[in-house]
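Structure below; questions to follow.
The values are calculated or read from the model by the stated rules, or taken from the named source; none is laboratory data. Given the structure is predicted, the values throughout are model-derived calculations rather than measurements. Note that each Cβ is placed from the backbone with ideal geometry, even for glycine, and that neighbours are counted across all protein chains shown.
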Amino acid sequence: MTSSSVWHPFTQHALEPPITRIASTDGAYLIDEDGNRILDAISSWWVITHGHRHPAIMTAIREASEAYDQIIFAEFSHAPAEKLAEGLIRIAPPGLKHVFYSDSGSTAVEVALKMALGYFHNIGQSRDRIVVMEHGYHGDTIGTMSAGERGIFNAAYEPLLFGVDRLPFPETGMEQRTLDAFEASCRSGRVAALVIEPLVLGAGGMKMYEPQVLSGLKAIAERYDCLFVADEVMTGWGRTGPLFACEQAGISPDILCTSKGLTGGALPLAATLCTARIFDAHLSTDRRKTFFHSSSYTANPIACAAAVANLEIWRDEAVTERIQGLEAMHRQHLASFEGDERFTGIRQAGTIAALDLVVPTGGYLADVGPRMRRLFRERGLLIRPLGNVIYLMPPYCVTAGEVARAYDAIDEVASIVLGKPQ
Ligand SMILES: *Cc1c(COP(=O)(O)O)cnc(C)c1O
């Protein structure tokens, strides 16, 4: 094992096998320095939508880099940012009118939190409570960790995290309990915003719930004049089927956060979209009402150009058909696991498929994820279970044969981990 100074994310270096160096990427594959092709069945942590190195996106990056590098985004603007904002407003749920750029999902959510608090501050209402859903994930900064589920991942930072109201996850048949809890929070009159992942709680274990819950929550938010923040960082760009998951509930959030698939996954970029009333509450000759937020790399022109190319791919290519094809492949393979006692919670939301491995109770759960991950890697697949939750979220260029390979591997790995003959 070669020693490296690099400290990798979410990695326990004392337990991990040597880190693999990737030499190139191609479509649904990562290719290591020895030429091994690894099927990227989780879209490199959910960012790659169409496939690695989509030619139109790479060309846009090359061309933009002939003209720009980073440009300060106060006092100045540029065509890629303007074009992208225009395009985003056109395709986003109706009512969203302004686009604030940043560079990651976490910053997109931080911006949303600040917009919500800033809105009520500027209109002179004392509302400072944030409501979230149990098992939510919104990023790894202090603010977004505060809004997310608490556990071993953030125990050390707990003293710095701010308090939020947590709604119970809307388990099937228990949806009303979630709506009632939200209404109870709203009655305090102090709730500024509900921050929620629409339809699928990703990092919390690919937990899925019905669109009616989302529209129910939106109706309550409207009734109590509390802002509805949709964290579509993972669910956006077709993962649940339509472009944004909110569309399935027929709702328009007050604030929408997008990142991961915004550039097709090629470059870091994020956008927080908001309604006119939020922007207008910050519009004033009083400088104190300014939205005081910036990242150095706000609206990087090359990243914006990549995102513009992504919009063009959505407009010009058969992306929807590819998504529908992938949905059908998942449906077919998942059906073959129905009634299989090794699995429970077999579920799908568009291009995301998940199932829980039934593991015997007792401390074993923490190790089952890394163990499965290693077994998948031995089979040439990048699949990173969340504990006992196995999920697939491949890029849309994936073929039926590749998807079948992933399900065969799940079948095989599950048996190995459970110590049962296949
Ligand atoms: C990944 C994710 C984030 C954080 O995005 P980063 O780019 O990793 O900071 C926020 N919200 C959701 C729902 C996510 O899945």
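Does ALA366 fit the bill of being modelled with pLDDT under 95 and hydrophobic (A, V, I, L, M, F, W, C)?
yes
Looking only at region 9-24, decide whether some residue is of a type outside the set (Val, Ile, Thr), assigned to a strand (DSSP E or B) and at pLDDT 95 or above.
yes
For the structure I just gave you, tell me whether ALA303 is buried (at least 21 other Cβ atoms within 10 Å of the Cβ) and assigned to a loop (DSSP other than H, G, I, E, B).
No.
Could I ask something else about it? For SER44, work out the one condition from (1) exposed (fewer than 13 other Cβ atoms within 10 Å of the Cβ); (2) closer than 30 Å to ALA404 by Cβ; (3) among the polar types (S, T, N, Q) it doesn't fulfil.
With respect to (1) exposed (fewer than 13 other Cβ atoms within 10 Å of the Cβ); (2) closer than 30 Å to ALA404 by Cβ; (3) among the polar types (S, T, N, Q), SER44 is out only on (1).
When you go through PRO170, PRO159 one by one, which is the residue that is in the same structural domain as ILE278 (by TED's automatic domain parsing) and outside any helix (DSSP H, G or I)?
Just one listed residue meets the conditions, PRO170.
Only residues in region 201-221 that are of a type in the set (Lys, Arg) count as the first member; pair them with residues that are surrounded by 19 or more Cβ atoms within 10 Å (Cβ to Cβ) and part of a strand (DSSP E or B), Cβ under 7 angstrom, at least 6 apart or cross-chain, and list the lot.
As it stands, the answer is LYS207/LEU201; LYS218/PHE228, since those pairs meet every condition given.
Under 6 Å between Cβ atoms, which residue pairs at least 6 apart in sequence (or on different chains) link something in region 227-238 that is touching a residue at least 40 places away in the same chain (Cβ under 8 Å) with a partner that is polar (S, T, N, Q) and part of a loop (DSSP other than H, G, I, E, B)?
As it stands, the answer is VAL233/SER259; TRP237/THR49, since those pairs meet every condition given.
While we're looking at this one, here's another question. Report, by residue number, each residue of region 175-216 that is more than 23 Å from GLY124 (Cβ to Cβ), in contact with a Leu (Cβ under 9 Å, 6 or more places away or on another chain), within 16 Å of the ligand (Cβ to nearest atom) and aliphatic (A, V, I, L, M).
Listed by number, the residues that qualify are ILE196, LEU199, ALA203, MET206, MET208, LEU214.
OK, next. Checking the conditions here, which among ALA281, ALA318, ALA271, ALA249 is within 16 Å of the ligand (Cβ to nearest atom) and either closer than 29 Å to ALA67 by Cβ or not β-branched (Val, Ile, Thr) (or both)?
Result: ALA271 is the single residue among ALA281, ALA318, ALA271, ALA249 that is within 16 Å of the ligand (Cβ to nearest atom) and either closer than 29 Å to ALA67 by Cβ or not β-branched (Val, Ile, Thr) (or both).
While we're looking at this one, here's another question. Which of the residues spanning region 147-160 are surrounded by fewer than 20 Cβ atoms within 10 Å (Cβ to Cβ), small (Gly, Ala, Ser) and either within 13 Å of the ligand (Cβ to nearest atom) or closer than 12 Å to GLY204 by Cα (or both)?
GLY151
Here's another thing I want to ask about it. For region 254-285, name all the residues that are surrounded by fewer than 24 Cβ atoms within 10 Å (Cβ to Cβ) and over 16 Å from GLY139 (Cα atoms).
Answer for region 254-285, where residues must be surrounded by fewer than 24 Cβ atoms within 10 Å (Cβ to Cβ) and over 16 Å from GLY139 (Cα atoms): LEU267, THR275, ALA276, ARG277, PHE279, ASP280, ALA281, HIS282, LEU283, SER284, THR285.
Need the failing condition index for ILE89 against (1) of a type in the set (A, V, I, L, M); (2) under 26 Å from VAL195 (Cα atoms); (3) surrounded by 19 or more Cβ atoms within 10 Å (Cβ to Cβ), just the number.
With (1) of a type in the set (A, V, I, L, M); (2) under 26 Å from VAL195 (Cα atoms); (3) surrounded by 19 or more Cβ atoms within 10 Å (Cβ to Cβ) applied to ILE89, the lone miss is (3).
Also: Taking region 370-420 on its own, how many of its residues are among the small types (Gly, Ala, Ser), surrounded by fewer than 21 Cβ atoms within 10 Å (Cβ to Cβ) and modelled with pLDDT of 95 or more?
Here the count works out to 5.
Grab the helices (runs of 4 or more DSSP H) fully contained in region 38-146, keeping just those with 3 or more residues being within 16 Å of the ligand (Cβ to nearest atom) and at pLDDT 95 or above.
43-46, 105-122
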